[in-house]
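Report on one structure; see the data block that follows.
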Amino acid sequence: MKTLLRLEELAQFLFVIMVLVMKGVAWWMYILLLLGPDIGMVGYLVNTRVGAICYNLTHHKGLGIVLMLIGLIAEVANMLTNVQSGFFLVGLIIYGHSSMDRMLGYGLKYSDDFKHTHLGWIGKNK
């Protein structure tokens, strides 16, 4: 089952890359996809509780979907100029990065320890 779930996350990650290619984004957006949401780890400089909140906020697929929807709705309604594509791309990057992390075994964090995730412990057999 673990392999099947990782393959599902891989498919989602590849889909995000395909959307980025189809949108013709700049090369640096792919680097942002790989590293950008990890800025949430800065919260761990305060303590594990704040770190988990910041990390989970920048790695939550639901937030990525909401931001993509805001961008799409704004585009359809012709409400904003370049801002709507910004919302969409930020949401897409959060979603894609989260898929990549989960494919690699990194999940949303619990507040007790950075290595304690919703997918289990990273690097431990607990």
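Readers should treat all values here as calculations from the given coordinates under stated rules, not as data from a laboratory. This is a predicted model, so every value here is computed, not measured. Quick reminder, even Gly has a Cβ in these numbers, built from the backbone with ideal geometry, and neighbours come from all protein chains shown.
What to note about this one:
- Ordered by the number of other Cβ atoms lying within 10 Å of each residue's own Cβ, fewest first, Ser98, Ser85 fall into the sequence Ser85, Ser98.
- Measuring nothing but how far apart in sequence close Cα pairs (under 8 Å, 6+ apart) lie, relative to its length, the chain scores a relative contact order of 28 percent.
- Pairs from the table (Lys2/Lys109; Lys23/Lys109; Lys2/Lys23) lying more than 30 angstrom apart at Cα are Lys23/Lys109; Lys2/Lys23.
- Ranked list, fewest to most other Cβ atoms within 10 Å of each Cβ, for Arg102, Arg6: Arg6, Arg102
- Given +1 at the Cβ of Lys and Arg, -1 at the Cβ of Asp and Glu and no other charges, the dipole of segment 10-126 around its Cα centre is 280 debye to the nearest 20.
- Partners of Lys61 within straight-line reach, counting aspartates and glutamates whose Cα lies under 15 Å from its Cα and excluding those fewer than 8 residues away in the same chain: Glu8, Glu9, Asp38, Asp101.
- For segment 1-122, the residue among Leu33, Thr3, Gly62 whose Cα projects farthest onto the positive side of the dipole built from Cβ charges is Thr3.
- Across segment 100-114, rounded Karplus estimates of 3J(HN,Hα) from the backbone phi angles (6.51 cos²θ - 1.76 cosθ + 1.60, θ = phi - 60°) give 4, 4, 5, 4, 8, x, 9, x, 5, 8, 8, 7, 7, 6, 4 Hz, Gly and Pro being marked x.
- Residues Thr58, Thr48, Thr3 in ascending order of nearby Cβ atoms (within 10 Å, fewest first): Thr3, Thr48, Thr58.
- 5 Å binning of all Cα-Cα separations within the chain, expressed as whole percents from 0 upward: 2, 11, 18, 21, 19, 13, 9, 4, 2, 0, 0
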